[in-house]
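Inspection log for the structure reproduced underneath, given as structure tokens.
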Amino acid sequence: MNAVRFKLSAMMFLEFFIWGAWFPLIFGYLPSLGFDPDFEQPMILGAFNLAAFAAMFFSAQFADRHFAAERFVAFSQLIGGVAMLGLAFIQKPEGANTSAPFWPFFLLMLLHSLFYVPTISITNSIAFANLKDPQKEFGPVRMWGTIGWVAAAWPFVFILVDWANVPSFGSVPFFEWVGAVLGTAKKGAAFRQACTYTFIVAGIASLVIAAFSLVLPHTPPRPAEEGAERFAWLEAMKLLRLPFILVLFIVTFFDSAVHQCYFFWTERYLTGGVGIASNWVMPVMSAGQIAEIGTMAFLGYCLKQLGWRYTMVIGILGHVVRFTVFALFPYPVVAVLAILLHGICYAFFFATVYIFVDEFFPKDARSSAQGLFNFLILGLGPFLGNFAWGWLGTVFQISEDKYDFHKLFLIPAAIGLFAALILFLFFRPPLKRVEELPEEMVPVP
């Protein structure tokens, strides 16, 4: 690996390490701060989605055209990292029957997200601009981002250990001591308190990439091409005139909302539903990202054999199977196996949607179409899903920390099945690219 590829791979590793450090555990952490599930929790979780709206429609495009990319990443990660560190210090007043202060927490999360989310696309731009053969080299470089997400999980195997109940080192045989370390996790209030370290780890990683960005290859701003659409997302909406795009748009909304349910409830399901030790939750969930890497390797073959519609239907049915298994078979080993379906869920639907858009639209409409579906996958679907899944928890809550997961998970499974049926029955993409279709069916550029 040459020096440039090494730097770009390290950049991707750190970029997604940040997200992977705080995201999986925050869904169970917010209730421990006393935030209500009807408004406060969804708004805090939705800060990332609101930032995704801004990044996809305005800020990423603005940054791309007016700032050197590596300097923008350095500045953004510095601000975002400080905001992330601040989240660790906002706590519920001890002994008081009140929640942690909502507005400081929400505003810090929003500040972090507004500066972090644009860097997701900007780091892609840096990679594409500095690789000799992006089509061949980008995949292996981007894979280090997924590895970074997975790597972020493993420090918490030790951070979340209940060290007070572990024998002192040397007092028992070494392997017995290691077994005690790996099997003695914090629980209840102690576990939730320790979750603040997710923000500290993510914040430190942000500051590291802020400094590291200063040695990345210089990537100057790209001026807008002549005739480029100022508000490309408005043009993207015209694509909904095409019936097959409208069907895919609707189905993508449902599937992205269902996908959010996985992150919203899985941590609490693993600890409270199937009894997996809290310090192993993040590594167990990261198995889904490992499966994603493997699934992406044979996605092209599956697309060739099955076609667009069947591949996407299988991706949605991955959610249906996973939630049904969670609902009906609450056992640790079965839960871990079901999490491996994340590779099918992501690659066979979301990645396939992006590939489909790239295949079916002419070059001048491609970025608009990608933005249209990013609007759903990272923005609207998860944002509204946070409200829906939080409300669902109040419906099926048994006690303070216990939920009827059997009934709860059957709801997203049913919604996923409905989306799969809609796609199977009504998604009929043309055999030719959009640019080859009759003029009346082509979106106005």
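Kindly check whether there is at least one residue in region 132-146 that is assigned to a helix (DSSP H, G or I), among the small types (Gly, Ala, Ser) and open to solvent by less than 20 Å² (accessible area, probe 1.4 Å).
yes
Would you point out the residue of region 152-171, among those that are surrounded by 19 or more Cβ atoms within 10 Å (Cβ to Cβ) and under 19 Å from the mean Cα position of the chain (by Cα), that is farthest from GLY343 (Cα to Cα)?
The extreme case among them is PHE156.
Among the residues of region 190-224 satisfying the criterion of being touching a residue at least 60 places away in the same chain (Cβ under 8 Å) and of a type in the set (Gly, Ala, Ser), which is nearest to GLY86 (Cα to Cα)?
It comes out as GLY203.
If the Cβ limit is 8 Å and pairs must be 6+ apart or interchain, which residue in region 337-354 that is closer than 15 Å to GLY294 by Cα pairs with which residue that is aromatic (Phe, Trp, Tyr) and open to solvent by less than 10 Å² (accessible area, probe 1.4 Å)?
Here the result reads HIS342/TYR262; CYS345/TYR262, each pair linking region 337-354 to a residue that is aromatic (Phe, Trp, Tyr) and open to solvent by less than 10 Å² (accessible area, probe 1.4 Å).
Could you count how many residues in region 261-270 are closer than 13 Å to ASN386 by Cβ and surrounded by 22 or more Cβ atoms within 10 Å (Cβ to Cβ)?
Total satisfying the criteria: 4.
Looking only at region 50-69, count how many residues are in contact with a Pro (Cβ under 7 Å, 6 or more places away or on another chain), surrounded by fewer than 23 Cβ atoms within 10 Å (Cβ to Cβ) and at pLDDT 70 or above.
Total meeting the criteria: 3.
Given the criteria over 30 Å from GLY275 (Cβ atoms) and surrounded by fewer than 21 Cβ atoms within 10 Å (Cβ to Cβ), does GLN397 qualify?
Taking the combined requirement at face value, the residue does not satisfy it.
Output the residue which, of all residues in region 70-86 that are within 18 Å of VAL215 (Cα to Cα), surrounded by fewer than 18 Cβ atoms within 10 Å (Cβ to Cβ) and under 24 Å from the mean Cα position of the chain (by Cα), is modelled with the highest pLDDT.
LEU78
I'd like to check something: does region 13-35 contain any residue that is free of Cβ contacts under 8 Å to residues at least 24 places away in the same chain, of a type outside the set (Gly, Ala, Ser) and open to solvent by 10 Å² or more (accessible area, probe 1.4 Å)?
Yes; the residues of region 13-35 include at least one that is free of Cβ contacts under 8 Å to residues at least 24 places away in the same chain, of a type outside the set (Gly, Ala, Ser) and open to solvent by 10 Å² or more (accessible area, probe 1.4 Å).
Look at LYS92 and say whether it is at pLDDT below 90 and part of a helix (DSSP H, G or I).
Spelling it out, it is not the case that LYS92 is at pLDDT below 90 and part of a helix (DSSP H, G or I).
Take ALA413 and decide whether it is more than 23 Å from ILE44 (Cβ to Cβ), in contact (Cβ under 8 Å) with a residue 24 or more places away in the chain and assigned to a helix (DSSP H, G or I).
So ALA413 passes the test.
Might you let me know whether region 87-109 holds any residue that is over 20 Å from GLN41 (Cβ atoms), open to solvent by 40 Å² or more (accessible area, probe 1.4 Å) and within 20 Å of the chain's Cα centre (by Cα)?
Within region 87-109, none of the residues are over 20 Å from GLN41 (Cβ atoms), open to solvent by 40 Å² or more (accessible area, probe 1.4 Å) and within 20 Å of the chain's Cα centre (by Cα).
Under 6 Å between Cβ atoms, which residue pairs at least 6 apart in sequence (or on different chains) link something in region 87-102 that is within 16 Å of TYR197 (Cβ to Cβ) with a partner that is modelled with pLDDT under 90 and of a type in the set (Val, Ile, Thr)?
Matching pairs, first to second residue: ALA88/THR196.
The values are calculated or read from the model by the stated rules, or taken from the named source; none is laboratory data. Keep in mind that this is a model prediction, so the values were computed, not measured. For neighbour counting, all protein chains shown are included, and Cβ atoms are generated from backbone atoms with ideal geometry for every residue, glycine included. Accessible surface is based on the protein model in full, side chains and every heavy atom, while ligands, DNA and RNA are left aside. Shrake-Rupley method; radii C 1.70, N 1.55, O 1.52, S 1.80 Å.
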